[in-house]
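K.L.:
Just dropping this structure here.
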Amino acid sequence: AAALLSSARDSAIERADVGMFAWAVTRLLDFLERSDVPDLAMLASLEFGFLPLLSHSERPARILHRELASNPAFFVEVLSIVFRRDDEEPRQLSEQDAQRARLAYELLDSWKHLPGTTEGKPLDAETLRRWVLVAWEGVREAHRAAIGAQYVGRILRYAPKGSDGIWPAEPVRDLIEELHDRDIEIGLEIEVQNSRGVTTRGLTDGGQQEHALAKGYREDAALMQKTSWQRTAALLQRIADDFERQGRREDEDADLTQDTWS
């Protein structure tokens, strides 16, 4: 099965029936992963090569996602493939390097597994904190401080709610307060917006969805302001403001549509 996958990997996207081919690839990967002694290095290599298929399938790149969540050095390595150093001038990439960068970007984009999370268990605050601190220092040492911090913030978006029912969970709030890194906060705020996915609404619904989201975040921000998590409160308020602005734009579009149809 491994040899079959390896030989087919380079031509995967050129197949006429991509859907059927993707289904076959995911079944074979599952088979290899369930073996008595799975070759994780080989599986990770196959997942990386098949990322364009896996990103549109029901089977994510599980091995690579686990490695990202457990190994901050690997996270820095992948990020460094995608983004050039802060002091590096733009340059023309070879086709091989460009393809590698595209796959690395797809891997980061598809990763939504917060370090320290295990299904059915509470968030492990120490594991998360250790991962974030090592990754945060790693992206700075790799001279990719701003974009690296934003990607650290991006994965924090997938934290659960806290014991008080407010998102994000307390360990993430503690990190926001401790690090005082605006880029981490920017990345988190951007991912809140991006993770909504495609929305549907009636032609004249306006920004009802966005106004409801803004109201929820605004209420949470007000509650958070009564605690020691002041930067987190400000972050929640900025998210509320963003949704409110989006809602007003949707209201304006709905008004124009109503006027057109009247």
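What follows draws every value from the coordinates through simple rules; no lab data is involved. Only a predicted model underlies this, so the values are computations on that prediction, with no experimental measurement involved. Cβ: placed from backbone, ideal geometry, glycine included. Neighbour counts: every protein chain shown.
K.L.:
If packing is taken as the average count of other Cβ atoms within 10 Å, what order do 114-120, 171-177 fall into, highest mean first? If you can, show how the numbers build up before the last one.
P.N.:
Values: 114-120: 15.1, 171-177: 21.4.
For the peptides 114-120, 171-177, the packing ranking is 171-177, 114-120.
K.L.:
Related question: When the chain is fully extended, how far beyond the present Cα-Cα distance does D253 get from R34, taking 0.36 nm per residue of separation?
P.N.:
On the way: separation 219, 0.36 × 219 = 78.84 nm, distance 5.12 nm.
Here the segment from D253 to R34 would lengthen by 73.7 nm.
K.L.:
A further question on this structure: So what's the back-of-envelope 222 nm ellipticity for the chain, counting only DSSP H runs of four-plus at -39500 (n - 2.57) apiece and dividing by all residues, rounded to 500?
P.N.:
Working: 13 runs with 174 residues, N = 262.
Result for the chain: -21000 deg cm²/dmol, rounded to the nearest 500.
K.L.:
Under 21 Å between alpha carbons, and skipping anything fewer than 8 positions from K112 in its own chain: which lysines qualify?
P.N.:
Partners within reach: K121, K161.
K.L.:
Quick test of the membrane-span-like rule: which DSSP H helices of the chain reach at least 20 Å along their long axis (C-alpha atoms) with mean Kyte hydropathy at least -0.5? Numbers along the way, then the final one.
P.N.:
Working: long enough: 18-33 (22 Å, 1.09); 95-110 (22 Å, -0.96); 125-141 (24 Å, -0.18); 208-224 (24 Å, -0.83); 230-261 (46 Å, -1.42).
What comes out of the filter, once short or polar helices are dropped, is 18-33, 125-141.
K.L.:
Quick one: which of 212-224, 181-193 comes out on top by average Cβ neighbours within 10 Å, and what's the full order, highest first?
P.N.:
Top of the packing list down: 181-193, 212-224.
K.L.:
Could you calculate the contour length gain from K121 to S228, that is, 0.36 nm times the residue separation minus the distance between their Cα atoms, to one decimal place in nm? Walk me through the numbers on the way to the answer.
P.N.:
Numbers: separation 107, 0.36 × 107 = 38.52 nm, distance 2.59 nm.
Fully extending the segment from K121 to S228 adds 35.9 nm.
K.L.:
Could I ask something else about it? Can you tell me the FRET efficiency between R196 and E58 if r is taken as the Cβ-Cβ distance and R0 is 22 Å, rounded to the nearest 0.05?
P.N.:
Details: r = 21 Å, r/R0 = 0.95.
So the FRET efficiency works out to roughly 0.60.
K.L.:
Once the other residues with Cβ under 15 Å from the Cβ of S228 are scored (Lys, Arg +1; Asp, Glu -1), what is the net sum?
P.N.:
Values: positive: R173, K226, R231; negative: D164, E170, D174, E177, E178.
Taking every other residue near S228 into account, the sum is -2.
K.L.:
Let me ask something else. Please identify the trypsin sites (Lys or Arg not before Pro) of region 41-131 that satisfy two criteria: DSSP loop assignment and at most 16 other Cβ atoms within 10 Å. Which are they?
P.N.:
Loop-located and lightly packed - R84, R85, R91, K112.
K.L.:
By the scheme Lys and Arg +1, Asp and Glu -1, what is the net charge of all other residues having a beta-carbon under 9 Å from that of G153?
P.N.:
Values: positive: R154, R157; negative: D181, D183, E185, E189, E191.
Spelling it out: positives minus negatives among the neighbours equals -3.
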